[in-house]
Amino acid sequence: MYIQELSLRSYRNYDQLSLSFDHKINVIIGENAQGKTNLMEAIYVLAFARSHRTPRDKELIQWDAEYGKIKGSIFKRNRRFPLEIVLSNKGKKAKLNHIEQKRLSDYIGALNVVMFAPEDLNLVKGSPQVRRRFIDMEIGQIQPTYIYHLGQYQKILRQRNHLLKELQRKREADLTMLRVLTDQLIEHAATIVDRRFRFLQLLREWATPIHEGISRNLEQLEIAYDASVKVSEAMDLETLKSTYQEKFTDIETKEVERGTTLAGPHRDDLVFFVNGKDVQTYGSQGQQRTTALSLKLAEIELIHSEVGEYPILLLDDVLSELDDYRQSHLLHTIQGKVQTFVSTTSIDGIEHDALKEAEIFHVKEGTIDVQK
Amino acid sequence: MYYPEPISKLIDSFTKLPGIGPKTAVRLAFFVLEMEEDDVLDFAKSLVNAKRELTHCSTCGHITDQDPCSICQDESRDPTLICVVQDPKDVIAMEKMKDFRGKYHVLHGAISPMDGIGPEDINVPSLINRLKDEGVEELILATNPNIEGEATAMYISRLVKPSGIRMTRIAHGLPVGGDLEYADEVTLSKALEGRREL
């Protein structure tokens, strides 16, 4: 799939903008603070209806403007269709093929995007939250109902945490309501973990050989799921539920004492091992980067195998962070099959055949010139 | 704004209604000025009477002008069957159907710790009391099919279970007359879960 056209209105530092893109590689060149990342972000928002940089949609609207708009024309499965996101102070609207989608799970997945930004190099050494977000976003774009379960889970979790705080204060507690919420929580927790397990199995299949390739057969990557409850990938949905049930029965008193939910997918993490060693703790900077890169490349292949088409790849200021060998491995892998957007301050130093036929865009203070 | 005081007060009153913004309020207020005086008086009386003469039925919690309400007093209805709903509007929806011959219990809300609403803040205690004396045989839990409604139904069922009263939850699934292809995945999977033998 690819984006044919993109138009922005009152988005970040862009007043009004309309661009057509190359099906292969588009390079966005500009000094710092001119709007390169804003353009990348706009494509990301078009896919996920939220930014990767901020949870506050208001920040996406141009200063002083009432509303902002992103429109894109997408080509997928031999069909062309428009996507539109309208942001305003009152909220956002997501339109697929001109029709407003009330639920985000009906919208997300229409456009598949993989973003690789400097923050993603933190995927390995950053906080567990970063890795949970990675896994949730990726499953979400291939399985829309996952987003529904995640949303329900978070709502129940908030209710449950409020109740636990209340119980913590009261001391003469009626635990019936807590157990009701526990049952509700488990329904969704088990589904979420089950889907995460199945996703990890796919991710491993792709990431392991890719990592071997980037490391010239020197490194063997393993991915493990670190759960707050003793669950394993061999368990079916019913066993997962009963395992959670046991755990929550065990920790009930402790949870009331602490006034918060102490187990569940919102406290789980991913652990990466290279040649048997935990990369987060023992890996070198280079190994951490290679791992992040392998995961991102695996994601591209995974989406291709699940959706049937390659996603769009956004490389935001990240090429310069990789050494020559990793750079050319990356560009070689995507060459000719993945529509890619590369943002950089300068094209010098990136030498690869793939860039020779690229469409070049120069960004300056929120305006863009196309170089032919 | 430069409205004379009587009309600006009227506009202000209209904006207190749900779904009425400032512009609609102005339109409605000016419309009232054009209305016949008798109609305006009737309107004002209806507003006051609705508030003054309606109370909640002491048995079931439904809105009524006599206590107990006409449904609770109706002896042709089956007193062993109680349908639990969240809102008086739900009773009216059920009554439109004309098929249900049992009685009701209106909770006036759902349990939601986040909003500080516990079981004692809605009509759960009065429901439990009712079950003690009235010889009820079946409780139909017809709270809304969202997290809070579902939690409330599960809470009541845990509370009532020891008494041995039969409890049922209304089904959720496809709307009648709708097309399968337009149903969302979650509704479809619920409908599939609740499928029946033919």
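Our helix-only sum for chain A, with -39,500 (n - 2.57) per DSSP H run of n ≥ 4 divided by its residues, gives a mean residue ellipticity at 222 nm of -14500 deg cm²/dmol.
This model, with +1 at the C-beta of Lys and Arg and -1 at the C-beta of Asp and Glu, gives the protein assembly as shown a dipole about its Cα centre of some 340 debye. Mean separation of Cα pairs under 8 Å and 6 or more residues apart, divided by the residue count, gives chain A a relative contact order of 26 percent. For chain B, what does the helix formula give at 222 nm: sum of -39500 (n - 2.57) over DSSP H segments with n ≥ 4, over the residue count, nearest 500 deg cm²/dmol? After summing the helix terms and dividing by residue count, I get -13500 deg cm²/dmol. In terms of other Cβ atoms within 10 Å, A:Tyr11, B:Tyr155 run from fewest to most in the order B:Tyr155, A:Tyr11.
When the Cα gyration tensor is reduced to axis lengths a ≥ b ≥ c, the ratio a/c is 1.5 or higher for region A:215-273, and with a/b not above b/c it is classed as oblate. GNM remark for chain B: springs join alpha carbons under 10 Å apart, and the peak mean-square fluctuation among B:Lys45, B:Lys89, B:Lys23 falls on B:Lys23.
Compared with the dominant principal axis of the Cα atoms in chain B, helix B:37-53 is inclined by about 40°.
Residues considered: A:Ala65, A:Ala49, A:Ala358. Largest GNM mean-square fluctuation over chain A, using C-alpha springs under 10 Å, is found at A:Ala65.
Towards the positive end of the charge dipole of region A:61-102, with charges on Cβ (+1 Lys, Arg; -1 Asp, Glu), say which of A:Ala94, A:Ile74, A:Trp63 has the farthest Cα. Result: A:Ile74, furthest along the dipole toward the positive end. When both region A:230-276 and region A:281-327 are represented by their alpha-carbon centers, they are found 29 Å apart. When the Cα gyration tensor is reduced to axis lengths a ≥ b ≥ c, the ratio a/c stays below 1.5 for region A:1-146, which is therefore classed as rounded.
For the residue pairs B:Lys45/B:Lys96; A:Lys230/B:Lys190; A:Lys90/A:Lys125, the C-alpha atoms sit more than 31 angstrom apart in A:Lys90/A:Lys125. Under the rule a/c < 1.5 gives rounded, and otherwise a/b versus b/c splits prolate from oblate, where does the protein assembly as shown land using the Cα gyration tensor? Here the protein assembly as shown falls in the oblate category. Bridges between two residues of the protein assembly as shown, per DSSP, are antiparallel at a rate of about 60%.
Helix A:36-48 and the longest principal axis of the Cα set of chain A meet at an angle near 50°. Packing here is the average count of other Cβ atoms within 10 Å per residue, and on that basis the peptides A:185-195, B:66-76, highest first, run A:185-195, B:66-76. Going from the fewest other Cβ atoms within 10 Å to the most, the residues A:Thr281, A:Thr290, A:Thr345 appear in the order A:Thr281, A:Thr345, A:Thr290.
Against the main long axis of the alpha-carbon atoms of chain A, helix A:128-142 sits at an angle near 70°.
Sorted fewest first by neighbouring Cβ atoms within 10 angstrom, A:Arg56, A:Arg267, A:Arg9 come out as A:Arg56, A:Arg267, A:Arg9.
A Förster distance of 25 Å, applied to the separation of the beta-carbon atoms of A:Asn89 and A:Lys155, puts the FRET efficiency at 0.55.
Readers should treat all values here as calculations from the given coordinates under stated rules, not as data from a laboratory. Keep in mind it's a predicted model, so treat the numbers as computed, not measured. No Cβ is skipped: glycine too gets one built from the backbone with ideal geometry, and neighbour counts run over all protein chains shown.
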